[in-house]
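A quick write-up on the structure given underneath.
The values are calculated or read from the model by the stated rules, or taken from the named source; none is laboratory data. Predicted, not measured: the structure shown is a model, and the values here were computed from it. Positions of Cβ are backbone-derived with ideal geometry, glycine not excepted, and every protein chain shown enters the neighbour counts. When the accessible area is computed, the model is the full protein with side chains, heavy atoms only, and any ligands, DNA or RNA have been set aside. Shrake-Rupley method; radii C 1.70, N 1.55, O 1.52, S 1.80 Å.
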Amino acid sequence: MEIAFTKMHGLGNDFAVINCLQQKFSLTPDQIRSLGDRHFGIGFDQMLVVGPACNNNADISYRIYNNDGGEVAQCGNGARCIAAWLYERGIVRKEEITAETSTGLLKLYRLADGQIRVNMGIPMLEPVDIPLQAARRESRYRIKIDNQEIEFSAVSMGNPHAVVYVPDVDRAPVQELGPKIQQSPMFPMGVNVGFMQVVDPGHIRLRVYERGAGETLACGSGACAALVAGHLDAKLAEEADVALPGGNLLVSWQGEDEPVWITGPATFVYEGRIAL
C-alpha cells in the first residue's frame, strides 16, 4: 500500500498529516512506528490522521499518534497544523473550524497574519481527571526520584502534564528526570513533563519531555499546562509568551472554568508518498 502525506511542523514539533477524508484505511502501531522512524521512514513526532466527523457540529475529525505507535488525545501544535492544512486544501473555507477529537470538539481560527488560534478547552485540575494518584487536589504535588523530592503542578489539557519549576531551562535535567517522572506509578496513563523557567509574569521558557516522543522542540498543550500552573501559583499573568526550543507561542487563560487559548504558526515542509 502506498499513502500520500504532508509533512508539517509547529515550531519544530513535526507531523505527518494523512488524509483519510477520501480514502479509508487504518494503520497498525507497528506501521506507525515504521513511518515515524527518522532513518527508514518519514520521521515525525506525531502522525495526524484527518477523517470525516461523526459529530454533526464538527467539520472534520482527527486522531493523533506518537511515533511509538500509541494514540494521544491532544496536541496544540498539531491542531494548528490541521487548521492550516484544511485552509490550504480548501477543504474548509470558514474562518472558524470545528474539529472533533477523542476528547471533544476544538475550535480553530485563522488570523489575518496567517497564524492559527486554538481554543484548547478547559483545563482539568482534579487528580481523578488528570489522571494522578493523589488523595486530593493540591497546588503542588511531590514525587521522590532517586532519593530526591521533586515538586510539580499537575494539569490535564486532554492529556496529562506535570510542570516542574526550574531556575534555568538550559541546565534542567530534562533527559534524566523526564522519563523517570513519566514512568512513576503516580501517573497511570503516563505524563508529559514540562520544565518551566519563569522569566517574569508575561514570559516563560519551557522544555517538555513528551509521552511516546521524548523531548520535542515545542509542545502546545505543554505550553498551556505551564501557563495554567503558573497562573494558579500567582507567578504568571493571564497571558504569557512561552519560549520553547523551536520558537514562541502566545498562551492565555482567564481562570478556572475558562478555556485556554494558544496562538502560533503552522508551517508546510513538503508533500510525499511512501509505500508500507
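Every listed requirement among (1) open to solvent by less than 10 Å² (accessible area, probe 1.4 Å); (2) not in a helix (DSSP H, G or I) is met by Gly222 save one, (2). Failed condition for Ile91, given (1) open to solvent by 30 Å² or more (accessible area, probe 1.4 Å); (2) more than 27 Å from Ile274 (Cβ to Cβ); (3) of a type in the set (A, V, I, L, M, F, W, C), with all others met? Unmet for Ile91, out of (1) open to solvent by 30 Å² or more (accessible area, probe 1.4 Å); (2) more than 27 Å from Ile274 (Cβ to Cβ); (3) of a type in the set (A, V, I, L, M, F, W, C): (2).
Taking the numbered list (1) surrounded by fewer than 17 Cβ atoms within 10 Å (Cβ to Cβ); (2) modelled with pLDDT of 95 or more in turn, Gln148 passes all entries but (2). Can you find, within the range 26-40, the residue that is modelled with the highest pLDDT among those that are more than 21 Å from Thr216 (Cα to Cα) and in a loop (DSSP other than H, G, I, E, B)? Once the filter is applied, the top-ranked residue is Thr28. Among (1) of a type in the set (Gly, Ala, Ser); (2) in a helix (DSSP H, G or I); (3) closer than 17 Å to Gly70 by Cβ, where does Gly190 come up short? Condition not satisfied by Gly190: (2).
Output the residues belonging to the range 56-88 that are open to solvent by 50 Å² or more (accessible area, probe 1.4 Å) and either outside any loop (DSSP other than H, G, I, E, B) or under 23 Å from Gly214 (Cα atoms) (or both). If the condition is that a residue be open to solvent by 50 Å² or more (accessible area, probe 1.4 Å) and either outside any loop (DSSP other than H, G, I, E, B) or under 23 Å from Gly214 (Cα atoms) (or both), then Arg63, Asp68, Glu71, Glu88 are the ones that fit.
The residue of the range 1-25 that is most open to solvent (accessible area, probe 1.4 Å), among those that are aliphatic (A, V, I, L, M) and closer than 22 Å to Gly76 by Cβ, is Leu11.
Give the residues of the range 89-133 that are part of a strand (DSSP E or B), of a type in the set (Gly, Ala, Ser) and within 25 Å of Asn248 (Cα to Cα), sorted by residue number. Even if it seems obvious, please write down each step before you answer.
Here is the first cut: in the range 89-133, the residues part of a strand (DSSP E or B) are 96-101, 104-110, 116-119, 124.
Next cut, of a type in the set (Gly, Ala, Ser) only: 99, 104.
The answer is Ala99, and nothing else.
Asp257 meets the conditions (1) under 12 Å from the mean Cα position of the chain (by Cα); (2) of a type outside the set (Lys, Arg); (3) more than 28 Å from Ala112 (Cα to Cα); (4) open to solvent by 50 Å² or more (accessible area, probe 1.4 Å) in every case but one. The failed one is (1). Taking Gly43 as the residue in question, decide whether it is open to solvent by 10 Å² or more (accessible area, probe 1.4 Å), out of contact with any Lys or Arg (no Cβ under 6 Å at 6 or more places or on another chain) and in contact (Cβ under 8 Å) with a residue 12 or more places away in the chain. So Gly43 does not fit the description; no. List pairs: first residue in the range 245-271 and farther than 17 Å from Lys7 by Cβ and touching a residue at least 40 places away in the same chain (Cβ under 8 Å), second residue of a type in the set (Phe, Trp, Tyr) and open to solvent by less than 30 Å² (accessible area, probe 1.4 Å) anywhere in the structure, Cβ distance under 9 angstrom, at least six positions apart or on different chains. Here the result reads Pro259/Trp253; Val260/Trp253; Trp261/Trp253, each pair linking the range 245-271 to a residue that is of a type in the set (Phe, Trp, Tyr) and open to solvent by less than 30 Å² (accessible area, probe 1.4 Å).
Residues of the range 125-143 that are closer than 26 Å to Thr98 by Cβ and open to solvent by less than 70 Å² (accessible area, probe 1.4 Å): Leu125, Ile130.
Give me the residue from the range 168-199 that is aliphatic (A, V, I, L, M) and open to solvent by 80 Å² or more (accessible area, probe 1.4 Å) and, out of that set, modelled with the highest pLDDT.
Residue satisfying both the conditions and the ranking: Val199.
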